[in-house]
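Bear in mind these aren't lab numbers, they're just calculated from the coordinates by the rules spelled out. It should be emphasised that the depicted structure is a prediction, and the values quoted were computed from it without experimental measurement. A quick note on method: Cβ atoms are made from the backbone with ideal geometry, for glycine too, and the neighbour counts reach across all protein chains shown.
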Amino acid sequence: MSSQKILILDFGAQYSQLIARRIRDLRVFCEILPCQTAAEKIRNRGYQGIVLSGGPDSVYEDNALTCDPEIFNLGIPVLGICYGAQLMAHLLGGTVKASAVKEYGNTQVEILNGKLFEGVSSPATCWMSHTVYIDTPPQGFAVSARSEACPVAAMEDEKRKLYAVQFHPEVQHTDQGTQMLQNFLYPICGCNGDWEMSSFAADTIENIRREVGTQRVLCALSGGVDSSVSAVMVHKAVGKQLTCIFVDHGLLRKDEGDQVEQVFREQFDINLIRVNAQDRFLAKLAGVVDPEKKRKIIGEEFIRVFEEEAAKIGQVEYLCQGTIYPDVVESGIGNAAVIKSHHNVGGLPEDVALKLVEPLRDLFKDEVRKVGLELGIPEYLVWRQPFPGPGLGIRVMGDITKEKLDVLREADAIFREEIRDAGLDREINQYFAILTNAQSVGVMGDQRTYDYAVALRGVTTTDFMTADWARIPYEVLGKVSNRIVNEVKNVNRIVYDITSKPPATIEWE
């Protein structure tokens, strides 16, 4: 492994691992440490540069996360991103103020000068997500970029090698962000790009084999790409010591249960138990409308089912899950703010009796797909539409009933079929239908109706940490709308969600 490395100090950002991922893509090794790490522990550790991540705090809050100010005197280049930029300004004598106009999403930024922006054209489309901004830079800093609502969109002190950007260069939607990060890593930090992430699958399989030994493993198999790749990795590590538990909780997409059972029994020869638990889950969810309660209930029932199946099998020590990094950060692990509890992270009950094996916990969705193809998983399964663990339970707004689930299943199947037939299934990274809890007046056959509105959601993204709404052609949306209204009972209105992430999340609940 290369001796060159970059340190990321984490301030509870949703994007800290994404920064690391972008740096890895640029062939530079990096590590993530808590923001409170003392400068003396950083000194003489061989770091070529330091990145201060974003975070949910304001620098003026009483309990706001901070860092050791001495890191700015180590002689190591530092890049502050969003909150990290504001904190740099605050600690070094600049001023930070609340924004009169909040900036979220794509923003045009005027590039003025600076080493960080060599080769970057102006204006640059950058991804903003902030409610406060740098009003006055510290002494020695020059303003290197600005936007209409942000007078200091970027600043730098070239003499001390300190750089700061208010936007997020690490996200996909900052269209020249890779160039900015490359400028920081190479001419500024002096990295030579001799590191590459290789043999992930082989190394992980060997680690699983070593950890599990002769013990038996249960795998929470949903049939989605995350759990499928996890299952195949563990199967390659321990063979028949693995038993996959496929819980048919009644919250699956149309015909999904039968498809999952067929693929994993016939294609992979994996031990598979299908548990039909529809009535059990629906009884637990009856009358529940709060989305966090839904997630907690579904998460706990999953675990209880696994524990019961483990007791039947006997002597099972491990539970394999398809947890990926966006699940972890959105569930508020570590310093990160809770966005929503995922059933396999924040939704887990505290008294889980099994040890967890999560081979994909540090990967993003596109990385998971790459690993899946390396493992020989068929392309159609690797590129299957992402599906949350709680299933349609978080795509039915309000209380959940079998009747509502049946309506949503049919609407969602039509939407996915038309997207595929239009040849858009690889361009749109995730697309699905939501049954809203809103009913509206309509007219069908000269008769008044009062039925549900179905929302359609489509997004483009590579990492699922940020996403933009997909520009689906009007003719495709029109065909989907006509089919759903005419073919699905109890639906008389279709709407399309045109909100990015952030400020929204991809799922509605």
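Restriction of the trypsin sites (Lys or Arg not before Pro) in the stretch 399-435 to DSSP coil positions whose beta-carbon has at most 10 other beta-carbons within 10 angstrom yields Arg426. Here the residues Met128, Met444, Met180, Met397, ranked from fewest to most Cβ neighbours within 10 Å of their Cβ, fall in the order Met444, Met397, Met128, Met180. Put a plus charge on the Cβ of each Lys and Arg, a minus charge on the Cβ of each Asp and Glu, and nothing anywhere else: the dipole of the stretch 49-172 about its Cα centre is then about 220 debye.
If you take the square roots of the eigenvalues of the alpha-carbon gyration tensor of the stretch 1-83 and sort them as a ≥ b ≥ c, do you get rounded (a/c under 1.5), prolate (a/b over b/c) or oblate? The shape class here is oblate. Checking every one of the trypsin sites (Lys or Arg not before Pro) in the stretch 82-176 against DSSP loop status and a limit of 10 other Cβ atoms within 10 Å picks out Lys159. What does the C-alpha gyration tensor say about the overall shape of the stretch 5-188? Classify as rounded when a/c is under 1.5, otherwise prolate if a/b is larger than b/c, or oblate. Rounded is the answer for the stretch 5-188, as its axis ratio a/c remains below 1.5. Under 30 Å of direct C-alpha separation, and excluding same-chain neighbours fewer than eight residues apart, Lys5 reaches these lysines: Lys41, Lys115, Lys159, Lys161, Lys365, Lys370. Ordering Tyr431, Tyr163 by the number of other Cβ atoms within 10 Å of each residue's own Cβ, fewest first, gives Tyr431, Tyr163. Calculated mean residue ellipticity at 222 nm for the chain: -9000 deg cm²/dmol, from DSSP H runs with n ≥ 4 weighted as -39500 (n - 2.57), summed, divided by the residue count and rounded to 500. Taking 56 Å as R0, compute the FRET efficiency from the Cβ-Cβ separation of Thr66 and Val289 and round it to 0.05. Using R0 = 56 Å, I get an efficiency of 0.90. Taking the average, over residues, of other Cβ atoms within 10 Å as the packing measure, peptides 305-316, 52-63, 213-224 rank 213-224, 52-63, 305-316 from highest down. Of all aspartates and glutamates in the structure, the ones whose alpha carbon falls short of 17 Å from that of Lys402, not counting any fewer than 8 places away in one chain, are Asp248, Asp255, Glu256, Asp279, Glu410, Asp412, Asp451.
Going from the fewest other Cβ atoms within 10 Å to the most, the residues Leu392, Leu282 appear in the order Leu282, Leu392.
With the cut-off at 1.5 for a/c, could you classify the chain from its C-alpha gyration tensor as rounded, prolate or oblate? Because a/c hits 1.5 or more and a/b fails to exceed b/c, the chain counts as oblate. Backbone geometry of the stretch 147-164 corresponds, through the Karplus equation with coefficients 6.51, -1.76 and 1.60 at θ = phi - 60°, to 3J(HN,Hα) couplings of 10, 4, 9, 9, x, 10, 6, 7, 8, 7, 10, 5, 4, 8, 6, 10, 9, 8 Hz, x marking Gly and Pro. Checking the Cα-Cα distances for Lys294/Lys479; Lys254/Lys284; Lys240/Lys355; Lys312/Lys355 against a 26 Å cut-off, the pairs over it are Lys294/Lys479.
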